[in-house]
Amino acid sequence: MASSKCLLQSAAIIAAACGCISLSNSALAQSPHPVGGSAVLPMPQPQFGGVIGRKASDSTPDFPKAVTAPKGAPNVLLIMTDDTGFGAASTFGGPIPTPTLDRLAKTGLKYNQFHTTALCSPTRAALLTGRNHQSVGMGNITEFATGYPGYTSIMPKSAATIGNILEDNGYNTAWFGKHHLVPEWMQGPGGPFDQWAGGLGFEYFYGFLGGDTDQFHPALFENTTPVLPPFGDPNYILIHDLADRSINWIRTQHAAAPDKPFLLYFAPGNSHAPHQASKDWIAKFKGKFDQGWDKVREETLARQVQLGVVPTNTTLTPRPKEIPAWDSLNDDQRKVYARMMEVYAATVAQSDYEIGRIIDALEKSGQLDNTLVIYLEGDNGASAEGTMQGTTNEVSAQFAPESLEFLVSMMDQLGSDKTYNHYPIGWAHAMDTPFQWTKQVASHFGGTRNGLVINWPKGIKTGGEMRSQFHHVIDIVPTILDAAGIQAPMLVNGTPQKPIEGTSMVYTFDDAKAPTKRTTQYFEMTANRAIYHDGWIACTTPGRLPWQTLGTAPDPDDYKWELYNIADDFSEAKNVAKDHPEKLLDLQSRFLIEAVKYNVLPIDSSFADRMDPGIRPNLLRGQTDFKYYPGMFRIPEANSPDVHNKSFRVTADVEIPQGGADGVLATQGGRFGGWSLLVLDGKPMFAYAYTNQDGAKYPKQRPDKTRFIGSEKLGPGKHVIDFDFVYDGGGLGKGGRGTLSVDGQKVADGRIEQTSPVGKFTLDESFDVGMDTGTPVIDEYDAKMPFKFSGTIDEVDIKLGQDELTPKQRGDLEQLKTQFALSVQ
């Protein structure tokens, strides 16, 4: 058997000798089935068909005809939820009721061999373009971009999205919810905006840009404009807001253009951490998971067999030895962990309910019959990024572990805006039943198998049936185009297009026994590799556990290979590599051919190196002095001053009116980590949050929040409020001494004993001037949010000192950043 190293080396030869394999610059003909639309987009404006004489009386007008979709083209409702494994939803045998998905499956089709890429941004890029993730530069999440063609996080103009194509073919287009396709350095107010929703062909966008967001204080944008959620509304939650706005958009679009079809992409992020849901939804699941993750896996497989979701001979793959048996846990652990799963279940169920409201609105308006509904339950497998014990703060848990006592004290707060929570790894494994592994692991179905339902009353003759053809997320775009009768374009905005790499699934709609047309599909994520071909799959054994992020990157040549005949072994339970060495070698060779073809090379198992922001463009690189003005808010942390592991000074020039003033002057981050310079009760204050724990207010918590408060109220007139922090140095996350001054006079000083060691305080919050658009750094101004400053701010200046990290400390920093980035996937 040829070694992995020889096979990898041969890839370079293949790449050099077979440049014709690369499709990156081709403009080849697309699928022969859809013939409507135009091969060139936008469609050329037709020539004037009237008559122009010397006078209007001698002339005949002729308006250019608007582009229209093919007659009878369906509306498209494209739904993809987040971090929901194959074994979660009731439709596929899981323990979480999803009546909307059930309802659509009863009159539509259920697919039990549908696959994603194992990670967020890559799946989303593949979903929208119909091309493999590395083929469009999205080989990992945007935060892990490197300088190789398959990993830049810059989607090429040669890969127009389904939004671009349908918009130029007479559709209205809108996108609600999660984005996570904008490179970090493009998320600021300076753009560029090519990869925001508008640049990807969506006429309207309402949602958030990053990998996750607080459901109660979301970092929202409307198109490219930051907007604030309704502070003070106790019933507000983002998933409901997204559904409301989607329904309103559908109704408005139909009223204004009843004969014009639409594409609506609905991408809620609430089942991604933080697992937050409305109280009444959480209450529905009280006691539902007390039996533990081992029993839940057994119960799920039994239901899957009963429903016909899996074959009767399906084997339940074993729990990894690193995950503790439920029966080995103590009472407090079982109590807290069960509660964490109750909260997660609430997020999935509430999302399904809100999606049901959208379906109801379509049915009420008479549009559901000709709406192609594609409901993909998850963008990858369930997430194992919540640590072995779960957490109330997925960021700080990477460097400041929480005690079990603290977790018990926070049980009633789980799922609220007081936590940025995630469940333990054991539950992620259970939600991927019956498969091995989890999110991140592209080599196995626990990372890539997701439940899919397609419903289209006008276009699908048989409903309530299972489809078991092997398919992949790149097959969604050609399916939509096929159903709409629209050809894939060869030229878009002057750029020749890569061929669509997916295969239409329309052939499965009326033929359950039709042979699978997707005969080959590769998978790869951070060196976890697999190749499917004609019922067999070869895959590598993960070189590291998905929940372990520290340590050196394993050599891709050292990964062992496994082999499964999934025609007989649905769950990949029986590794037959030793029995069929020739089959394994054949599939390894096929993987390399696909890797060359689709920009997968070089195979890279690294994490810390990818997380280093120095390898990517940055508009602020090298800058140490910053000047900001009122009204600047929702500036992403990646586009704002990095105060970590160094000294810094924040200075605000303000004017206090008669009667005094209160409010935030400048802030970065929030409750779960960050700082704020503010005026509270007329007194100047600087607050720093190392984590969400606040021993000064809550006795059972660590004293992780520090306050510097002036003793005197600020009088009317102009003042300079200054906070100067001098870092101790000597490594990551060390403390330092802070001094708060007013008009050059010290008003408070003291120490911050520990500081956040990573390059961001939070995953979703921002830098704001004059107010706080996210969560409060300290609870004292929670009820006053967004706590807009009631005086006048002339300017805010921030000056950074130089970090003093040694090469070893910098390496440690990059590994911590890696742990941080894994939380946002």
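For this structure, a couple of remarks:
- Some residue of the stretch 412-424 being more than 22 Å from the chain's Cα centre (by Cα) and either free of Cβ contacts under 8 Å to residues at least 60 places away in the same chain or open to solvent by 10 Å² or more (accessible area, probe 1.4 Å) (or both): yes
- Count of the stretch 744-800 residues which are part of a strand (DSSP E or B) and under 28 Å from K713 (Cβ atoms): 20
- Residue list for the stretch 597-641, restricted to those being acidic (D, E), in contact with a strand residue (DSSP E or B) (Cβ under 7 Å, 6 or more places away or on another chain) and not in a helix (DSSP H, G or I): D625
- Residue count for the stretch 180-203 under the criterion of being free of Cβ contacts under 8 Å to residues at least 60 places away in the same chain and either part of a loop (DSSP other than H, G, I, E, B) or within 16 Å of L220 (Cβ to Cβ) (or both): the result is 11.
- In the stretch 190-205, the count of residues that are modelled with pLDDT of 95 or more, over 30 Å from P44 (Cα atoms), of a type outside the set (S, T, N, Q) and open to solvent by 30 Å² or more (accessible area, probe 1.4 Å) is zero.
- Pairs are defined by a Cβ separation below 6 Å, a sequence spacing of at least 6 or placement on different chains, a first member in the stretch 330-342 that is in contact (Cβ under 8 Å) with a residue 24 or more places away in the chain, and a second member that is among the small types (G, A, S); the pairs so defined are M340/G390.
- Residues within the stretch 524-571 that are touching an Asp or Glu at 6+ places or on another chain (Cβ under 8 Å) and either open to solvent by 40 Å² or more (accessible area, probe 1.4 Å) or assigned to a loop (DSSP other than H, G, I, E, B) (or both), tallied: 9
- Helices (runs of 4 or more DSSP H) lying entirely in the stretch 425-506 (those with 1 or more residues that are small (G, A, S), closer than 22 Å to L78 by Cα and open to solvent by less than 10 Å² (accessible area, probe 1.4 Å)): 445-448, 476-484
- Against the conditions (1) β-branched (V, I, T); (2) farther than 18 Å from E524 by Cβ; (3) at pLDDT below 95, T142 satisfies every one except (2).
- Some residue of the stretch 351-366 being among the small types (G, A, S) and buried (at least 24 other Cβ atoms within 10 Å of the Cβ): yes
- Of all residues in the stretch 68-99, those that are touching a helix residue (DSSP H, G or I) at 6+ places or on another chain (Cβ under 8 Å), open to solvent by 10 Å² or more (accessible area, probe 1.4 Å) and either of a type in the set (F, W, Y) or more than 28 Å from Y532 (Cα to Cα) (or both) total 8.
- Selection of first residues in the stretch 576-590 that are among the hydroxyl-bearing types (S, T, Y) and open to solvent by 20 Å² or more (accessible area, probe 1.4 Å) and of second residues that are at pLDDT 95 or above and not in a loop (DSSP other than H, G, I, E, B), restricted to Cβ pairs under 8 Å at least 6 apart or on distinct chains, gives an empty result.
- Taking the listed residues E780, E765, the one that is under 24 Å from the mean Cα position of the chain (by Cα), open to solvent by 10 Å² or more (accessible area, probe 1.4 Å) and at pLDDT 90 or above is E765, with no other qualifying.
- Looking only at the stretch 670-716, and only at residues there that are open to solvent by 30 Å² or more (accessible area, probe 1.4 Å) and basic (K, R), the one that is nearest to Y727 (Cα to Cα): R707
The values are calculated or read from the model by the stated rules, or taken from the named source; none is laboratory data. Predicted model only: the values in this text are computed from it and were never measured. Note that we place each Cβ from the backbone using ideal geometry, even for glycine, and neighbour counts take in every protein chain shown. The accessibility values were calculated without ligands, DNA or RNA, using every heavy atom of the protein model including side chains. Shrake-Rupley method; radii C 1.70, N 1.55, O 1.52, S 1.80 Å.
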